[in-house]
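The values are calculated or read from the model by the stated rules, or taken from the named source; none is laboratory data. What you see is a predicted model; the values in this text were computed from it and never measured. Note: ideal-geometry Cβ built from the backbone for every residue, glycine included; neighbour counts use all protein chains shown. Quick note on the areas: whole protein, heavy atoms, side chains included, nothing else; ligands and nucleic acids left out. Shrake-Rupley method; radii C 1.70, N 1.55, O 1.52, S 1.80 Å.
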Amino acid sequence: MLQGYSEFLQYSYLNNKILWEYKKEFVLYSNLLSIFDGVIKFGYILIAILILMLMITIHEFGHYLAGKLLKFKINEFSIGFGKALYTKKKENGEIFSIRAIPLGGYCAFDGEDTPDESADSFNAQAPWKRLIVLFCGAFFNFLVADNGNTDNVRTGGFGSTNNYEQIQLKF
């Protein structure tokens, strides 16, 4: 027990000094934790953007591949929009580009936006060919999404192989 006011002040001063040191360390650690938390959140955003870019690339590749197989003239295959960061031009005139804002993409076909009637332009092709090209973007996304579910392949679409006894067909 404290004997007098001076001892109380001395005890109080020591406690405050110790508490101040703990508070400085706490503030330092909490600042480091908030910086680390920001880095982790930035990492999640970066991963989401990369996954989105992958999905866009797969989608646009579906359009591109269908267009090539059906003999469409393709002007540009681009991932992203805005200023081009990387561009490569093939001998046949096709341009491949990666652009600054990774939130979209396109596969530009010749004659798609203009009434160009050359034999290999988009609007000069048969309607069924144009529909196939338009459909293949979404179809490629579906193929990649469904590919991860290999249970459908092993069980003929009946779900998990753990329930094999329940799904056997009786003849």
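Are there trypsin sites (Lys or Arg not before Pro) in the range 55-114 that DSSP puts in a loop and that have at most 12 other Cβ atoms within 10 Å, and which ones?
71, 90
Mind checking the per residue accessible area of the range 30-92 for me, 1.4 Å probe, whole number of Å²?
Per-residue accessible area for the range 30-92 comes out at 71 Å².
For residue 119 and residue 103, calculate 0.36 nm times their separation in residues minus their Cα-Cα distance, and state this gained length in nm to one decimal.
2.5 nm
If you plug each phi of the range 56-71 into the Karplus form 6.51 cos²θ - 1.76 cosθ + 1.60 with θ = phi - 60°, what whole-Hz ³J(HN,Hα) values come out, in order, with x for Gly and Pro?
With the stated coefficients, the range 56-71 comes to 5, 4, 4, 4, 5, 5, x, 4, 4, 5, 5, x, 5, 5, 9, 6 Hz.
Under the 0.36 nm per residue contour assumption, what length would be gained going from the current alpha-carbon distance of residue 31 and residue 46 to full extension?
Net length gain for the segment: 3.1 nm.
Which of the GluC sites (Glu not before Pro) across the range 37-113 are loop residues per DSSP, with 13 or fewer other Cβ within 10 Å?
91
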